[in-house]
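Asker: My questions will all concern the structure given below.
Every read-out reported here was derived from the displayed coordinates using simple, explicitly stated rules and does not represent laboratory data. Computed from a predicted structure; not experimentally measured. Please note: Cβ atoms are built from the backbone with ideal geometry, for glycine as well, and neighbour counts cover all protein chains shown.
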Amino acid sequence: MTGLPGGLPVRVPAEGLPPRVRIHEVGPRDGLQNEQAVVPVEIKAEFVRRLAAAGLGTIEATSFVHPKWVPQLADAEQLMPMLTDLGGAERAPGSPRTEPDTGSAGTAAGGARAAGGGAAGGGAAGGGAAETGTGGTAAAGRTASGGAAPGPGASGGAVPGGAVPGGAVPGADSRTTDSRSAGCADAASGAGRDPGAGARGPRPAPRLPVLVPNERGLERALALGVRDIAVFGSATESFARANLNRTVAESLAMFEPVVARAAEAGARVRGYLSMCFGDPWEGAVPAGQVVRAARALLDMGCDELSLGDTIGVATPGQVTALLAALGAAGVPVSRIAVHFHDTYGQALANTLAALQYGVTTVDASAGGLGGCPYAKSATGNLATEDLVWMLHGLGIETGVDLGRLTATSVWMAAHLGRPSPSRTVRALAGAPSDQER
Ligand code: HMG
Ligand code: MG
């Protein structure tokens, strides 16, 4: 059974875009944290496995936050050991981290640490010296050449610490695979090998970062051998209060020892910054306010900065303007990721603006799951399938097999009891088979 005929989307590269993009998959965390029902931990583990099998090289697995604040993710201690074979908690506490990918952020971080012992970039000179990825400043990132960020799921060689076979979907047995998802996988195979998925063969073990708000969260994560974490700050006071029970300054002070201790433990640290483009309580957020908080996160040692459009209100010109403001403040574009929610249907357009600026790391959520329990107007994230469709159409490599990914989202939607909001999932899952045509 086939869904779409082969050759779609048609690959037509556009000028000034990177050859490869690293997708930071947030479905298991940002997606499931917003579900009314708590998804059983076995299903969560299976979700992560299927995402890995679809070629996603970075999968944000869960959060080590207060269980009363986000009960949906209260099972982090159960989940991570279930993913040890994927690299989730495989290393003994205190052992040095491996480098599961060679993405631009990791390269930059390694450089910054080697050169500066922890403080990641202190202005244009510091950041620029550390950069080997997209080329230092935002201005450099604008050039067409700027963005080869070798993606973790791409055709690079295997990395110590395990590999996900490129073939079978682990755990895709009759108990957990419904007929629609099977049909979807067929649709992909019928359409031929997805060219954007890269070469077949063993894939590097995925990175499985987790959210950590404070030292208590870090302790919990490190005790399980996690070596890839994210702190999450806010550009606005209202959201800092709602999400972290702290002011912006207090939350930054809370993160400082977390980032320092994580670095000592050899962990990679992402810094999220929410409400970068608008806030449900405060309205427009001045770029200068975002830049100050962004600099604070990078200066305390975050390897990567993810700019959150938490409530999905950004438009492409605003994205470009904020990236330019960050560039002018010495933040290298290679350290920046974008995290768009799709409330107003702008997430793909905003992503394209960011890619044109030189960004090569894009957050997305399988099936478009997502939201934030502490920002009512946050809907789902940019759907990974919609992103992959656009990127592959642009000839940009992602390492992701769209058919497998779609099958995963259809499978998860069945567990959640509602259809995926992703346009691509709906189109592919509903595409008529050859027999039906
Ligand atoms: P608090 O109530 O101020 O906590 O919450 P506290 O520091 O006063 O501590 C109170 C008690 O909680 C203590 O226990 C601590 O040990 C315990 P007691 O001594 O009373 O027995 N505690 C913890 N227990 C387990 N794990 C922990 C932890 N921390 C404290 N980590 C806190 C402060 C930060 C903990 C709370 O506000 C919290 O957990 N917030 C998390 C909210 C959240 O996860 N939001 C969603 C993620 S952000 C997002 O979705 C946006 C993003 O996607 C980007 C975008 O879209 O923009 C990333
Ligand atoms: Mg989010």
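Asker: What does the net charge come to around residue 65 if you take all other residues with beta carbon closer than 11 Å to its beta carbon, with K and R at +1 and D and E at -1?
Answerer: Values: positive: 29, 68, 216, 220; negative: none.
After counting each charged neighbour, the total is +4.
Asker: Ranking 44, 68 by Cβ neighbours within 10 Å, fewest first, what do you get?
Answerer: Listing 44, 68 from fewest to most nearby Cβ atoms yields 68, 44.
Asker: What length, rounded to one decimal in nm, is gained on full extension from residue 216 through to residue 349, with 0.36 nm per residue of separation minus their alpha-carbon distance? Please report the intermediate quantities before stating the final value.
Answerer: On the way: separation 133, 0.36 × 133 = 47.88 nm, distance 3.81 nm.
My answer for the length gained is 44.1 nm.
Asker: Could I ask something else about it? Counting Lys and Arg as +1 and Asp and Glu as -1, what is the net charge of the other residues whose Cβ lies under 15 Å from the Cβ of residue 248?
Answerer: Residues near residue 248 contribute -2 overall.
Asker: List 22, 216, 268, 261 from most exposed to least, where exposure is judged by having the fewest other Cβ atoms within 10 Å.
Answerer: Details: 22 28, 216 13, 268 22, 261 16.
The most exposed by this proxy come first: 216, 261, 268, 22.
Asker: Ranked highest first by average number of other Cβ atoms within 10 Å, how do 9-18, 51-60 line up?
Answerer: Working: 9-18: 13.7, 51-60: 27.6.
Put in order of decreasing packing, that is 51-60, 9-18.
Asker: Sticking with this structure for a sec: If you average the alpha carbon positions of the stretch 57-87 and of the stretch 242-289, how far apart do those two centres end up, in angstrom?
Answerer: 20
Asker: Points 7 angstrom from Cα along the Cβ direction at residue 427 and residue 261: gap in nanometres?
Answerer: That separation, rounded to one decimal, is 4.7 nm.
Asker: Now for a different question. At R0 = 51 Å, how high is the FRET efficiency between residue 36 and residue 84 if r is their beta carbon distance? Nearest 0.05 is fine.
Answerer: Working: r = 30 Å, r/R0 = 0.58.
Efficiency for this residue pair is about 0.95.
Asker: Counting other beta carbons within 10 Å of each Cβ, put 390, 275, 80 in order, fewest first.
Answerer: Ordered from fewest to most neighbouring Cβ atoms within 10 Å, 390, 275, 80 come out as 390, 80, 275.
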